[in-house]
Structures are given as C-alpha cells and as structure tokens.
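Accompanying notes for the structure given below.
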Amino acid sequence: MQSDVAWSRLRELILDGTYPPGARLTEMEAAAALDMSRTPVREALRALTADGLVRPSGRGVVVVALEPGDLDEAYQVRSALESLTAELAATRQREGRIAPADLVTLRDVATATANATADGRLAEAVVLNRRFHRLIAELAANTMALHALERIWDQIQVSTLRSLAPPSRPAHVSGQHEELLAAIAAGRAEEAARIARAHVLDTRAITHSEEAQA
C-alpha cells in the first residue's frame, strides 16, 4: 500500500536524522519530498504519531525525542525485552532449532559492528548494532517481543542521534557482544539473558556520561 511505503520512507528519514527532533513537517512538504499524494502521507503521519516518533503540531507534525526520564524508562523496557529474546534464542539453539548459518551471520554482523565502531564510522555502527540486536530477536522467534523492540529502538535512536559520538569504551561494548554471542551459541540461556540485560543498561549509563560531558 502507498501509505506503508510513505510510512517506511518517512521513518527512515527520521531515523537517519534528515528530520531531527524538533523538525516540523507538513503533509504538503512530506508529499513533495516523497513525490506522493497527500492521502497516503496523511495516513503515514498518523502511524508515525502512534509509533511515538512525531506529535501533531498545527497543520503538521514535529519529530519528538524522549525526555531523559522517559529515555531511562525506554532503556529499562529494552533491557527486559532483550534479556528475554537472548534467553529464548539461546534456548532454541540448545534445542537445535537455529540453523548454523544464522549464527555465522550473527557473528559476521558483530564483527562488522566492532570494526565500524573502532574506525569511527558511527552512523554505520548504529545501523549494524541495531541489526545485531534485531537478529537475536529474530532468532528468539517471538514476534510480539520483536515488534515491541522495534518501536523502542526507533524512539531511542531518534532520542540519542544528536549525541552520537564514539563510545567511551568501544572494546567493552564489542566484548559484551562477543560474550552474548558465545552464550547464545552455547545454548546458555540464563547467561545470555544476564549479559543482554547488563549490556543494555551499560549502554544507557555510557550515554548518560556522554550527555553530561557534552
């Protein structure tokens, strides 16, 4: 459907910072940018409002970022959900329900994420990092958890895009990815859950520190 296409394209423009927090967007402007009629764009903006990425403002919408307290809550929910998906993925691996090729893909993405981070290719690292965590959620085979995480990931990405900077402890972050991957590959469900939760909460602690220094 045209509205789905409009939603996907506008969402990408918000997530990559083309339309940063505070940017105002009208139906007419969005339709012109996408070279589409206003009807599917109107429906797309309603969907993005429901997703929490924009809020109504006058005749258009404004891209929103979570306030610090709301961002803390988002990370708390994310940590719980990623703990769950890591545990489920490890359980499915232990039961022989994950294809070896899927684990190879996960390792390749973890390596690419670490390399992009170390090289300072931050925008690429953000995309790869999200792909790494999404792959784990896909391996968990829990559609509801994946959909909930997608929404939270979107809101966190938009809210932290302005403070994008080289992580203060890139080796630590990459090391946690490796530990998480190893736990899932070995089918150690409880360990995978613990590492995933700690990783997300550590990520929030790092962004707190970087925000304070900004």
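The values are calculated or read from the model by the stated rules, or taken from the named source; none is laboratory data. Since the structure is predicted, the reported quantities are computational estimates derived from the model, not experimental observations. Neighbour counts are summed over all protein chains in view; Cβ atoms, including those assigned to glycine, are modelled from backbone coordinates with ideal geometry. Side chains included, ligands, DNA and RNA excluded: accessible areas come from the protein's heavy atoms. Shrake-Rupley method; radii C 1.70, N 1.55, O 1.52, S 1.80 Å.
Here is how the numbers come out for the structure above:
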read-out: The stretch 15-41, residues that are in a loop (DSSP other than H, G, I, E, B), open to solvent by 20 Å² or more (accessible area, probe 1.4 Å) and not polar (S, T, N, Q); value: ASP16, GLY17, TYR19, PRO20, GLY22, ALA23, ASP35, MET36
read-out: Residue list for the stretch 119-129, restricted to those being open to solvent by 30 Å² or more (accessible area, probe 1.4 Å) and touching a helix residue (DSSP H, G or I) at 6+ places or on another chain (Cβ under 6 Å); value: GLU124, ASN129
read-out: Residue list for the stretch 71-110, restricted to those being under 14 Å from ARG151 (Cα atoms) and among the acidic types (Asp, Glu); value: GLU73, GLU82
read-out: Test: residue in the stretch 164-174 that is crowded, with 17+ Cβ neighbours inside 10 Å, at pLDDT 90 or above and of a type outside the set (A, V, I, L, M, F, W, C); value: no
read-out: In the stretch 103-136, residue modelled with the lowest pLDDT [restricted to those that are among the charged types (D, E, K, R) and part of a helix (DSSP H, G or I)]; value: GLU124
read-out: Scope the stretch 58-99; condition assigned to a loop (DSSP other than H, G, I, E, B), within 20 Å of the chain's Cα centre (by Cα) and of a type outside the set (Gly, Ala, Ser); matching residues; value: VAL64, LEU66, GLU67
read-out: Output for the stretch 98-118, where each listed residue is among the β-branched types (Val, Ile, Thr), open to solvent by less than 40 Å² (accessible area, probe 1.4 Å) and free of Cβ contacts under 8 Å to residues at least 40 places away in the same chain; value: VAL109
read-out: Evaluation of ARG55 against (1) assigned to a strand (DSSP E or B); (2) among the charged types (D, E, K, R); (3) surrounded by 15 or more Cβ atoms within 10 Å (Cβ to Cβ) (one fails), failing number; value: (3)
read-out: Neighbours by Cβ (under 7 Å, 6+ apart or cross-chain): first from the stretch 1-29, under 15 Å from THR49 (Cβ atoms); second assigned to a helix (DSSP H, G or I) and open to solvent by 90 Å² or more (accessible area, probe 1.4 Å); value: PRO21/ARG162; GLU27/ARG38
read-out: Number of the exception - GLN76 against (1) open to solvent by 60 Å² or more (accessible area, probe 1.4 Å); (2) under 22 Å from THR160 (Cβ atoms); (3) modelled with pLDDT under 95; (4) of a type outside the set (Lys, Arg); value: (3)
read-out: In the stretch 81-97, the residues that are more than 13 Å from ALA137 (Cβ to Cβ) and either exposed (fewer than 14 other Cβ atoms within 10 Å of the Cβ) or in contact with a Leu (Cβ under 6 Å, 6 or more places away or on another chain) (or both); value: GLU95, GLY96, ARG97
